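The values are calculated or read from the model by the stated rules, or taken from the named source; none is laboratory data. Remember, it's a predicted structure, so these values are computed and weren't measured experimentally. Backbone-built Cβ (ideal geometry, glycine too); neighbour counts: all protein chains shown.
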Amino acid sequence: MGIEKTGLDQTIDMRAVVQRVGHAAVAVDGKIEGEIGLGFLILLGIGQEDTKEDMDYLVGKISQLRVFSDPEGKMNLDLKSIDGNCLVISQFTLYANTKKGNRPSYLEAAAPDIAKKMYEEFCSRLSTETGKEVEKGIFGADMKVSLVNEGPVTIVLDSKKK
């Protein structure tokens with residue numbers, strides 16, 4: 001799955017903000033589209049240059065993140081160990097560039113048609129890796145996301161900073 005290069009002189013990465021949650025839900029037009037209990041709420045940003053390798057890295061890292069408490073209270077368990085779930089929300093705003101002025105630019109984000117395909121593939125791969133159905137929002141919709149962040153634990157992952 002090759003993505004065309006942007007011509008920008010910087011490397012663009014696939015980004016994920018992973019939040020450990022006790023509950024998370026996403027609604028569109030007042031209707032719940034995705035909802036989980038204990039697990040991860042993942043805000044996923046897809047850049048113009050992202051590839052299958054970027055996706056594989058994030059799926060592997062997220063599925064194996066050991067940030068859930070073991071019986072001694074240490075963050076030592078992964079999603080499978082706690083029978084956790086994932087809710088993934090596509091979020092192009094993770095590519096906001098505010099270097100010039102106060103109105104963010106999103107030129108580094110992947111085009112919607114490419115981003116949607118990669119978002120769907122990411123969710124599918126994460127589902128395969130975790131062995132559980134991944135809950136999702138609706139790509140491109142105006143969504144209302146609610147969550148109860150446990151800890152709080154919030155981790156920012158970047159596919160180019162391995």
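General observations
- A count restricted to region 97-117 and to residues that are modelled with pLDDT of 90 or more and β-branched (Val, Ile, Thr) stands at 1.
- Qualifying position, being touching a Leu at 6+ places or on another chain (Cβ under 7 Å) and of a type in the set (Phe, Trp, Tyr), among Phe92, Phe139, Phe122: Phe122
- Residue among Leu87, Leu94, Leu147, Leu126 that is surrounded by 13 or more Cβ atoms within 10 Å (Cβ to Cβ), at pLDDT 95 or above and assigned to a helix (DSSP H, G or I): Leu126
- Residues that are of a type in the set (S, T, N, Q) and without any contact (Cβ under 8 Å) to a residue 24 or more places away in the chain, drawn from region 45-76: Gln64, Ser69, Asn76
- Positions within region 51-101 being of a type in the set (D, E, K, R) and under 20 Å from Glu129 (Cα atoms), in sequence order: Lys52, Glu53, Asp54, Asp56, Lys61, Arg66, Asp78, Lys80, Asp83
- Selection within region 97-123 - of a type in the set (Ser, Thr, Tyr) and outside any strand (DSSP E or B): Thr98, Tyr106, Tyr119
- Evaluation of Val28 against the conditions (1) within 15 Å of Glu135 (Cβ to Cβ); (2) under 15 Å from the mean Cα position of the chain (by Cα); (3) among the hydrophobic types (A, V, I, L, M, F, W, C) shows that the sole unmet condition is (2).
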